[in-house]
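Chemist: Structure provided below as structure tokens; questions to follow.
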Amino acid sequence: MALTQMYEGKNNSPQTALSANITADDSVIPVSDISVFPSAPNLATIGNDDNAEVIRYTGISGSTLTNCERGFGGTTKKSWDAETVISRQITKYDFDAIQSNITELNNAKQDTLTFDTAPTAGSENPVTSGGVKTALEGKANSNVADSLNERYTNSVDWINNSDLDNYRTSGMYNFGTNNANSPSNWGQLFVVAPRNDQVNQIYFCDGKVWTREYKNGRDIQWTTWVPFSSIYYFYQQPTSVTSASTAEFCRVSDSRITPATIVLNCEFTVPSAITSNVTWTTAAGYISLKGICTSSTCKVNLVLGQKGN
């Protein structure tokens, strides 16, 4: 997109006069007061009637306009006497340039954003040439923790000098520095509390994710923070064994389960049927839950994850 050259104006179009006679072919124009003219390159008008001549000068030296193009903008070059008025006036060229540039900009504007699959050769537009598309695709492929970090960074005030143990209400919190029981500074905490006595915390920071849980009344308070690389499994399994003593009452088999698998969340459809602490053991290919379950209709919902580094 090429725009027409536009030239600086001068408030009130102050006038001066030619300080010597000039011919129609002179390219150096002497004037009495050079200060009335804007910096070069620019335009000047000699005379102030229907026979005026517009010139374009590309230099100023002392009290002269230099490298002048005579008869500019369709006017007629001619000889002029000393003391003829000369000034920077608004010319037909100025109006034509404004109109031309507005039309050019309007025709070139983009009403909607369109993303090419590859940069357009020679394009001066960073949107259609693929620059923004590439940036957006890169962001879309970033890991979950980084996406959440950007999405929520400005949504809540940062919390400092607090204790994560006290956050047991479902919600999202931004933590800054000097917070007790936090795995890292500057992160987002997501709290899931399905019941008052069971709370799960998931903490996102610098591309890493940690989890821990709180259970009241089952000899378990806050567990230690455990890093993991992904949540990959949600399972609902009918209980297979009802036992009046602590025994395995549920086993989930899956090839993705390894000794490094951890339980991110464990809920029972009939929580009153669980009358003892529940423990679990992970091994290659399965996870085993042990405890006392008094109802054969109770189901367990497990969210499993894999330990990270």
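Each reported figure results from applying straightforward, stated rules to the coordinates on display, with no laboratory input. Treat the numbers as computed from the prediction; the structure is a model and nothing was measured. As a convention, Cβ positions derive from the backbone with ideal geometry for all residues, glycine included, and neighbour counts pool all protein chains shown.
Chemist: In whole Å, what is the distance between the alpha-carbon centres of the range 85-108 and the range 8-76?
Modeler: 18 Å
Chemist: At 7 Å along Cα-to-Cβ for each site, give me the label-to-label distance between residue 193 and residue 64 in nm.
Modeler: Taking the simple label geometry, residue 193 and residue 64 are separated by 8.8 nm.
Chemist: Okay, moving on. How do 284-295, 60-71 rank on mean C-beta neighbours within 10 Å, highest first?
Modeler: The packing order, highest mean first, is 284-295, 60-71.
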